[in-house]
Amino acid sequence: MLVAKGLCKTFHGRQVLRGVDFEAGPGELIVIVGRSGCGKSTLLRCLNGLELFDEGSIRFGNLVLDGGRDDRKIRALRANFGMVFQSFNLFPHLDLLGNLVAAPMIVKGMSRKQAEAIALPLLEKVGLTGHARHYPGQMSGGQQQRAAIARALAMSPTVMLYDEPTSALDPWLVDEVFDVMRKLNAEGMTQIVVTHETRFAREVAREIVFMEDGGVVEKGAPEQIFNRPRDPRTIKYMSRFAA
């Protein structure tokens, strides 16, 4: 469903993606791991058109991006992706329901009633039914991040992307967010997750992708990557998480 071939990206003379190949099929949950600065977040941003790449191609269904700026194709690509960042990025002046209905009303031209018909079941899905009229400042970090997931889902994406979604949370709030992602996985949502939370990666991921220095070093099932990695670079990185 989603295939990237030979992605290269350079920032200020530094190559941050070096010929990256990546693919994700329908309903898969793929976790990308690696040291900070290895290119994980840049890869996510290229996959959904937030960042232009210099070389390579991205194919999503019948849509193909092959570099350069084609705003029509980029908009079409973004319409299929929801993205959740480290920071929650909720509008502080809107209550939770207002945050969820804003994009469907502005981007898709829905009425408030139509947007609420989508938003209210999503609040139930992420366990925030009683918080519709609360403002972000009245909620915990875990609740805000679950709200951010619901807001992304309100645009009916085909693929969800997460860039370190729990890194800003206290440890005891992490499972609140991962429980929502587990539920989406059970429902067949395609999800691509950049995270350092190895427990989640071991338990839920269909595939682990290990990146270093802008490239994909090794990928495979969690049991293989964590317990029997093949590449010396993967072995060195994974040795920190040995049971």
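The values are calculated or read from the model by the stated rules, or taken from the named source; none is laboratory data. Because the structure is a prediction, the values reported are computed rather than measured. With ideal geometry, Cβ positions are generated from the backbone for all residues, glycine too; neighbour counts draw on all protein chains shown. Please note that ligands, DNA and RNA were not included when accessible areas were found on the heavy atoms of the full protein model with its side chains. Shrake-Rupley method; radii C 1.70, N 1.55, O 1.52, S 1.80 Å.
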Fill in the blank from the handout: In region 191-236, anything closer than 22 Å to Gly37 by Cα, within 15 Å of the chain's Cα centre (by Cα) and not in a loop (DSSP other than H, G, I, E, B) is listed as Gln191, Ile192, Val193, Val194, Phe200, Ala201, Glu207, Ile208, Val209
Practice task
Looking only at region 132-140, decide whether some residue is outside any loop (DSSP other than H, G, I, E, B) and among the hydrophobic types (A, V, I, L, M, F, W, C).
Solution key: no
Problem - Among the candidates Met155, Met139, residue that is farther than 16 Å from Asp175 by Cβ, of a type in the set (A, V, I, L, M, F, W, C) and touching a His at 6+ places or on another chain (Cβ under 7 Å) - result: Met139
Exercise for the section: Can you confirm whether region 101-112 contains a residue that is at pLDDT below 95 and basic (Lys, Arg)? Expected result: yes
Exercise for the section: Confirm whether Gly214 is at positive phi, open to solvent by less than 80 Å² (accessible area, probe 1.4 Å) and in contact with a Leu (Cβ under 8 Å, 6 or more places away or on another chain). Expected result: yes
Problem - Matching residues in region 133-156 - criterion: being within 11 Å of Leu90 (Cα to Cα) and open to solvent by 40 Å² or more (accessible area, probe 1.4 Å) - result: Tyr135, Gly137, Arg151
Practice task
Kindly list, by first and then second residue, each pair from a residue in region 176-200 that is farther than 24 Å from Val216 by Cα to a residue that is of a type in the set (Phe, Trp, Tyr), limited to pairs with Cβ atoms under 6 Å and residues at least 6 apart or on different chains.
Solution key: Phe178/Phe200
Exercise for the section: Looking for whichever is modelled with pLDDT of 95 or more, closer than 28 Å to Val174 by Cβ and surrounded by 15 or more Cβ atoms within 10 Å (Cβ to Cβ) here; the options are Phe22, Phe88. Which one fits? Expected result: Phe22
Handout entry: Among (1) in a helix (DSSP H, G or I); (2) open to solvent by less than 20 Å² (accessible area, probe 1.4 Å); (3) β-branched (Val, Ile, Thr), the one test that Thr166 misses
Key = (1)
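Here's the yes/no breakdown for (1) open to solvent by 50 Å² or more (accessible area, probe 1.4 Å); (2) on the phi > 0 side of the Ramachandran plot; (3) modelled with pLDDT of 95 or more:
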{"residue": "Val174", "(1), (2), (3)": "no, no, no"}
{"residue": "Asn185", "(1), (2), (3)": "no, no, yes"}
{"residue": "Arg199", "(1), (2), (3)": "yes, no, no"}
{"residue": "Val209", "(1), (2), (3)": "no, no, yes"}
{"residue": "Asp231", "(1), (2), (3)": "no, no, yes"}
{"residue": "Tyr237", "(1), (2), (3)": "no, no, no"}
{"residue": "Arg240", "(1), (2), (3)": "yes, no, no"}
Exercise for the section: Name the single residue, out of those in region 142-158 being within 13 Å of the chain's Cα centre (by Cα) and assigned to a loop (DSSP other than H, G, I, E, B), that is farthest from Leu2 (Cα to Cα). Expected result: Pro157
Fill in the blank from the handout: From the option list Arg69, Arg59, single residue qualifying as more than 24 Å from Ala147 (Cα to Cα), in a strand (DSSP E or B) and open to solvent by 10 Å² or more (accessible area, probe 1.4 Å) is Arg59
Handout entry: Output for region 82-125, where each listed residue is outside any helix (DSSP H, G or I) and of a type in the set (Asp, Glu)
Key = Asp95
Practice task
State whether the residues of region 107-125 include one that is under 19 Å from the mean Cα position of the chain (by Cα), open to solvent by less than 50 Å² (accessible area, probe 1.4 Å) and small (Gly, Ala, Ser).
Solution key: no
